[in-house]
Structure formats: C-alpha cells, structure tokens
Amino acid sequence: MTIRVVQWATGGVGRAAIEAVLAHPDLELVGVWVHSEAKHGKDAGELVGREPIGVRATTSKDEILALDADCVVYSPLLPDESEVVALLRSGKDVVTPVGWVYPRAGTTAAIDAACAEGGTTLHGTGIHPGGITERFPLMVSALSAGVTHVRSEEFSDIRTYNAPDVVQHIMGFGVSPEAAMAGPITDLLGAGFLSSVRMIVDEMGFGGADLTYDTVQEVAVATAPIPAPVPSGTVESGQVAARRFEWRALVDGTPVVSAVVNWLMGEEHLDPAWDFGPAGERFEVEVTGDPDVLLTFKGLQPETIEEGLVRNPGIVVTANHCVSAIPYVVAAEPGIRTYLDLPLLAGRAAPHLGRDRG
C-alpha cells in the first residue's frame, strides 16, 4: 500500500524531506504547505530543484486539512501545537523533528484527544535531539553492563547553517555574551534535549530521590572579525562566536546522562580558544560501564562551509530520519508514540537496487 504524505513547511528540513519522500518506494507526496506567498502555487519539484512532479504548494491550511493523506512531515522552525492538533484530528498521522520526542506525562491532553478523535499517531524524531541523543545511546547501552554514564555530544561548525536571522536572533551568535546567555535558545533547545535525557533516565533505570536535572551553557567570543551567516555577514570582535550547552541528569550530584552541543564559528579567533579536537566535526555517543563503548558518527557535517550552505548533511539526515519513520508510524496504534513504542526503524534501498527494479 502506498502511503500518501504531506510536507508541512519547506525550509532546509522540509526540502530534504520532499526529496526523501520522492526516493522512498512506499511513499507518495500528495501535498505541500508553505508559509511564504512567494512559494504558493509552485510545484514541489521546483521547490527542491527538480522537474515538476504535479504537486502544487499551498499557503492554505484548510486545503491541507481537507486533503486525503495518511501522514504529515511537520517541520516548521517552531512548533505550533494547535496546528498539530488540527492535523491529527483531520485523520493524518504526524512525524516531526520539532518536538514530542518524549513528552512529560500530563502535558499532552490536547494531543491525546486529537489522536483519539482522528485515530492518528504523533511521533517526534530528528537527529540531535531525536536520534543521537537517545535512540542510539539506548541501543549502544545494551553492549555494556553496570552503566554509570551515558553521553551524546555534537561538534559542529555553525558557519554551515544557512539561516542568518536564526543564527543571530534565536541561536545567539553575533551578539554580546550577555544577550546570548539571556536569549531564547536555552529554553527552546532544552525542551527537546531534556526530554531526551529523561527518556534515557527512565528506560535505563537511573534515579531515586536524589535525581536532579540541570543545564550548563558557556560562550566564547571572537578576537577578530569572523565571516559568518548572520545578517551583517560578520561576527565582530567581542561578539559571541561559539556556544556550548550541556543538559544533564545527576544522581547524588554526579552526572549520569549528558547531552552536549558544541557550536563553533570555526576554530580560529576564539576566546576561550575552543576547537573540535583531533577528531574534527562529529557526533559521539559514549557509554561508560563494563566495557566502555564509544561510537563516532562522521559524515553528518559537510566537508566545507560552501557545501554546507548549499546542502547540509545534518539537515538532510534530520529529514531522512523523519521520512524513514513514516511507515512505522502509520502502522502504529493511535496516540503519541516514541522510540520506546515503535519497532526498529530502517531506511529503504535505492530505487535501482530495490525489489521492483524490473
């Protein structure tokens, strides 16, 4: 059975998701919602640099809600719960990289009701958070006994993220340290990363009365102008040019689960003098136990800044993880379904290597 899919929003993740749906043998793209009037009426193929495919983008939410579709990849910059509720009530499952990876009990009444009314399923996924932060650490932890610490960590050059307004006004680069530390990014990120940390804590059995959670953030400033994707095009001396966040679960004051992000505007002209280390840009998952296990992910960051500004692998894998989940989410029982509820997720063979290659 072919699964009919809608793409909601066509930023970097949304465009990559369209490409992934078109490459998936079990999926058919039937609708695209866009925020920009400039994109309204354009063919989805044109939006991703392909030949037309016969699916026109629309700014009309009502048109999408009325569409005959099985699942929506919901990937706006920021989530709007009322939109997700409406999609679920309309009979469409939702897969999203912008929330609901492991929601706290008692906070999802509207979503739960919408799933029950529509007979639908919501799944939060992504990459960090949404994969490397909890799904892969849980898998790796099965190789070790007596686990004392689980760490997931990202080391990325943020100059490859081609969204200047987001980089400055939300992520807090190219502003003063005081403005960065007081900005919205800590709360926005924390909603996802702390959920991922809680998933590991709950599934692996860490805890007790002395279980606590905290967030640590640090900044480094430029010591010379750095060309960067901010509206001015340059991070000036004294402005924030690197950020580090760590979300932790602690038992007796000792970290037992850590999710860490290191975002740098390169490795030069920084104070403090941060760098990526000899392994370069990467993602890591480390489980400390008997034995210790370290898993390093390479290839999720672009080889060059120029390549990343055109097509960033980190954005692509976020979209791919969403699209790969669709068949499993459509087959799941109604409700919010996390990695703990779904079976093993897998990608699909390239069309020329698949079962139907003729």
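Taking (1) without any contact (Cβ under 8 Å) to a residue 60 or more places away in the chain; (2) among the β-branched types (Val, Ile, Thr); (3) within 20 Å of residue 96 (Cβ to Cβ) in turn, residue 111 satisfies each apart from (1). In the stretch 332-358, of all residues being within 18 Å of residue 133 (Cα to Cα) and of a type in the set (D, E, K, R), the one that is surrounded by the fewest Cβ atoms within 10 Å (Cβ to Cβ) corresponds to 341. Residue 195 meets the conditions (1) hydroxyl-bearing (Ser, Thr, Tyr); (2) open to solvent by 50 Å² or more (accessible area, probe 1.4 Å); (3) in a helix (DSSP H, G or I) in every case but one. The failed one is (2).
Of everything in the stretch 112-138 that is in contact with a strand residue (DSSP E or B) (Cβ under 6 Å, 6 or more places away or on another chain) and open to solvent by 10 Å² or more (accessible area, probe 1.4 Å), the residue that is modelled with the lowest pLDDT is 128.
Working only within the stretch 315-338, note down all residues that are under 17 Å from residue 73 (Cβ atoms) and of a type outside the set (Val, Ile, Thr). Correct list: 319, 320, 321, 322, 324, 325, 327, 328, 331, 332, 337.
For beta carbons closer than 9 Å, sequence separation of 6+ or different chains, a first residue in the stretch 66-90 that is without any contact (Cβ under 8 Å) to a residue 60 or more places away in the chain and a second that is among the basic types (Lys, Arg) and open to solvent by 30 Å² or more (accessible area, probe 1.4 Å), the qualifying pairs are 86/61.
A single entry from 253, 238 fulfils the requirement of being under 25 Å from residue 192 (Cβ atoms) and out of contact with any helix residue (DSSP H, G or I) (no Cβ under 8 Å at 6 or more places or on another chain): 253.
The listed residues are 213, 161, and the only one of them that is open to solvent by 60 Å² or more (accessible area, probe 1.4 Å), at pLDDT below 95 and in contact with a helix residue (DSSP H, G or I) (Cβ under 9 Å, 6 or more places away or on another chain) turns out to be 161.
Rundown of residues vs (1) buried (at least 16 other Cβ atoms within 10 Å of the Cβ); (2) part of a helix (DSSP H, G or I), yes/no style:
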position: 16; (1), (2): yes, yes
position: 21; (1), (2): yes, yes
position: 54; (1), (2): no, no
position: 69; (1), (2): yes, no
position: 72; (1), (2): yes, no
position: 78; (1), (2): no, no
position: 87; (1), (2): yes, yes
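The values are calculated or read from the model by the stated rules, or taken from the named source; none is laboratory data. No experiment lies behind these values; they were computed from the predicted model shown. Heads up, the Cβs are rebuilt from the backbone with ideal geometry, glycines too, and the neighbour counts pull from every protein chain shown. The protein model used for the area step is the full one, side chains on, heavy atoms only, and it has no ligands, DNA or RNA in it. Shrake-Rupley method; radii C 1.70, N 1.55, O 1.52, S 1.80 Å.
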